[in-house]
Amino acid sequence: MARVSVSQMLHALVDMARQYLDRPESGDKVAGLVSQCHDLVSAHGEASGTALASRILNEYRALDDDQRIDLLCRLNDVFGVDAEALAEAARSYADTPGEDSLRALSKAIEAPRQELFRRLNMAPGGTAAIVGMRDLILSRLKNHPELKNFERDLKHLLSSWFNRGFLQFEKIDWRTPAVILEKLIAYEAVHEIQGWEDLRRRLADDRRCFGFFHPALPDEPLIFVEVALTQGLAGQIHDLIDSEPEGNAATTADTAIFYSISNCQAGLAGISFGNFLIKQVADEIQKELPQITQYATLSPIPGFRRWLDDELVKQTPEFLTEDEIDLLNRSDWRENELIRQPLKSALMRLCATYLVEEKRNGRPLDPVARFHLGNGASVERINWAADLSSKGIDQSAGMMVNYLYDRDRIVSNHEAYVRDGVIATSAAVAKLSKG
């Protein structure tokens, strides 16, 4: 599917409208940008407004990160909610509720910076720049907590701009433009791709790869989904990644394993692209390979060790003996099967408990579990010694989990999870979690 871009039209509009703009003031760059932002939200025609938005973003890109944060802090102050106007609008609505007072209240509630960023978004590359601004703010929130409401406003805008209906879905293969393939290598967040040869293996005949894009970011993928075609469930990631392709694997496989799902844009963190993304991939594979009868993941469990360590600190554990804790804390845990094996029964049970029983606000603690269960999967199988990399040991004591996507139950699983917080599990995992 061809991706749509209006970039050339916007650039032409900007070129035509530049004659209507005054030259920017010299001096303090950040103060000058604040002044131009004031000008942007004042009365402007579409052409001159687009040209001014383009100039502001070009000057913003020329700043270093510290200057950018300085600018965003000033915009936060200048374009924040007018507390007095909001209080007056609230009193007016309370005294005389009606359509007019409700509209006035709604207008007072919205910080002017939201309109500022809607207008900045008119410029070529505006959406990408705003995503980058939120990325920067998220990385600096610890030192600039005053930007939290600013970040929430950006999240609100981006959530509407990046809703599921706008996403475009494409299969990725060697015919895909190199600029996208390079970003697949760069953005792979789960299992690092070691250069072009490794990428070639990831795109072999027994693999499939799909990307989700947005029209405003035509060469910037939002999500990559990597799939391996196998016989039966895969239980170890290194065997899956390092295996050599077999000549007829695509035609003999009965299972599609989703082994890597990478969110590519840090500035869109926490913004849902809707449920059923995996279902769309599964439907595409089913059209091509109707003999595939099973769809599942081989997923990390990134929060398990952190949860386990917290439990060990909070209380004298009944679920692990002192000898087992000593084994778990040994530095050679990863390399030594003799150390790992005595821990298997206890850690498998604890991992099942973590995935199925441990919740916050009615949802699983583990972020990967929340994603897949929200997409309609069930917790099918926990795999021991599935990822013995340093990252795998640190995150999940080397374990991984298969989430099963039963195409006949995806919708009902999703509805039960969203409505009642029900976590669909296999009998084996349910038994483990009950101890």
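The values are calculated or read from the model by the stated rules, or taken from the named source; none is laboratory data. Bear in mind that the values here come from a model prediction, so they are computed numbers and not experimental data. All Cβ positions, even for glycine, are placed from backbone atoms using ideal geometry, and neighbour counts span all protein chains on display.
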**Prompt:** Quick one: how many residues across the range 153-189 are at pLDDT 90 or above, surrounded by 14 or more Cβ atoms within 10 Å (Cβ to Cβ) and either of a type in the set (Asp, Glu) or more than 28 Å from Val281 (Cα to Cα) (or both)?
**Reply:** 3
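Could you tell me which of the residues Arg68, Arg61 is closer than 14 Å to Ala129 by Cβ, loosely packed, with under 15 Cβ neighbours inside 10 Å and within 28 Å of the chain's Cα centre (by Cα)?
The match here is Arg61.
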**Subset tally (residues that are closer than 23 Å to Gln294 by Cβ and out of contact with any Asp or Glu (no Cβ under 9 Å at 6 or more places or on another chain)) for the range 348-379** = 13
**Prompt:** Quick one: which of Leu328, Leu355 is over 22 Å from Lys434 (Cβ atoms), of a type outside the set (Val, Ile, Thr), in contact with a helix residue (DSSP H, G or I) (Cβ under 8 Å, 6 or more places away or on another chain) and assigned by TED's automatic domain parsing to the domain that holds Val418?
**Reply:** Leu328
**Hey, Asn413 in a helix (DSSP H, G or I) and either polar (S, T, N, Q) or not assigned by TED's automatic domain parsing to the domain that holds Ala228 (or both) or not** = yes
**Fill in**
Restricting attention to the range 341-369, the residues that are more than 16 Å from Leu308 (Cα to Cα), surrounded by 16 or more Cβ atoms within 10 Å (Cβ to Cβ) and not small (Gly, Ala, Ser) number exactly 2
**Message:** Condition first: closer than 17 Å to Leu432 by Cβ and touching a residue at least 12 places away in the same chain (Cβ under 8 Å). Now tell me which residues in the range 331-352 satisfy that.
**Reply:** Leu343, Lys344, Ala346, Leu347, Met348, Arg349, Leu350, Cys351, Ala352
**Request:** Check off (1) closer than 30 Å to Arg381 by Cβ; (2) in contact with a helix residue (DSSP H, G or I) (Cβ under 6 Å, 6 or more places away or on another chain); (3) surrounded by 15 or more Cβ atoms within 10 Å (Cβ to Cβ) for Phe150 and give me the number that stays unchecked.
**Result:** (1)
**Asked** Tell me, which helices (runs of 4 or more DSSP H) wholly within the range 1-98 include 3 or more residues that are in contact with a Ser or Thr (Cβ under 8 Å, 6 or more places away or on another chain) and modelled with pLDDT under 90?
**Response** 7-17, 83-95
**Single match in Gln286, Gln265, Gln294, Gln341 (criterion: at pLDDT below 90 and polar (S, T, N, Q))** = Gln341
**Prompt:** In the range 355-376, which residues are modelled with pLDDT under 95 and under 21 Å from Glu324 (Cβ atoms)?
**Reply:** Glu357, Glu358
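Could you check the range 331-362 and list, in sequence order, the residues that are more than 34 Å from the chain's Cα centre (by Cα) and outside any helix (DSSP H, G or I)?
Kept after step one, since they are more than 34 Å from the chain's Cα centre (by Cα), are these residues of the range 331-362: 336-339, 341-342.
If the condition is that a residue be more than 34 Å from the chain's Cα centre (by Cα) and outside any helix (DSSP H, G or I), then Asn336 is the only one that fits.
Does Asn263 qualify as being free of Cβ contacts under 8 Å to residues at least 24 places away in the same chain and out of contact with any Ser or Thr (no Cβ under 8 Å at 6 or more places or on another chain)?
Details: free of Cβ contacts under 8 Å to residues at least 24 places away in the same chain: no; out of contact with any Ser or Thr (no Cβ under 8 Å at 6 or more places or on another chain): yes.
Here the answer is no, as Asn263 does not meet what is asked.
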**Prompt:** Somewhere in the range 203-211, is a residue in contact with a Gly (Cβ under 9 Å, 6 or more places away or on another chain), farther than 26 Å from Asp64 by Cα, of a type in the set (Lys, Arg) and surrounded by 14 or more Cβ atoms within 10 Å (Cβ to Cβ)?
**Reply:** no
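Residue by residue, here is whether (1) closer than 24 Å to Lys391 by Cβ; (2) touching a Phe, Trp or Tyr at 6+ places or on another chain (Cβ under 8 Å) holds:
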| site | (1), (2) |
| --- | --- |
| His238 | yes, no |
| Ile241 | yes, yes |
| Thr252 | no, no |
| Ile261 | yes, yes |
| Gly270 | yes, no |
| Phe273 | no, yes |
| Lys287 | no, no |
| Gln291 | no, no |
| Gln294 | no, no |
**Fill in**
Residues of the range 423-435 being modelled with pLDDT under 95 and not in a helix (DSSP H, G or I), in sequence order, are Lys434, Gly435
**Message:** Cβ-Cβ under 9 Å, sequence separation 6+ or interchain: first residue in the range 303-323 and closer than 17 Å to Gly398 by Cα, partner part of a loop (DSSP other than H, G, I, E, B) and modelled with pLDDT under 80. Which pairs?
**Reply:** Leu308/Leu320
**Message:** Being surrounded by fewer than 22 Cβ atoms within 10 Å (Cβ to Cβ) and in a strand (DSSP E or B): is that true of Arg381 here?
**Reply:** yes
**Request:** Search the range 256-274 for residues being among the small types (Gly, Ala, Ser) and closer than 14 Å to Ala189 by Cβ, and hand back the single one that is surrounded by the fewest Cβ atoms within 10 Å (Cβ to Cβ).
**Result:** Ala269
**Fill in**
Every listed condition ((1) of a type outside the set (S, T, N, Q); (2) in contact with a helix residue (DSSP H, G or I) (Cβ under 9 Å, 6 or more places away or on another chain); (3) at pLDDT below 95) holds for Val379 save (3)
**Request:** Run Arg200 past the list (1) over 24 Å from Asn402 (Cβ atoms); (2) surrounded by fewer than 19 Cβ atoms within 10 Å (Cβ to Cβ); (3) in contact with a helix residue (DSSP H, G or I) (Cβ under 7 Å, 6 or more places away or on another chain) and report the number of the one that doesn't hold.
**Result:** (3)
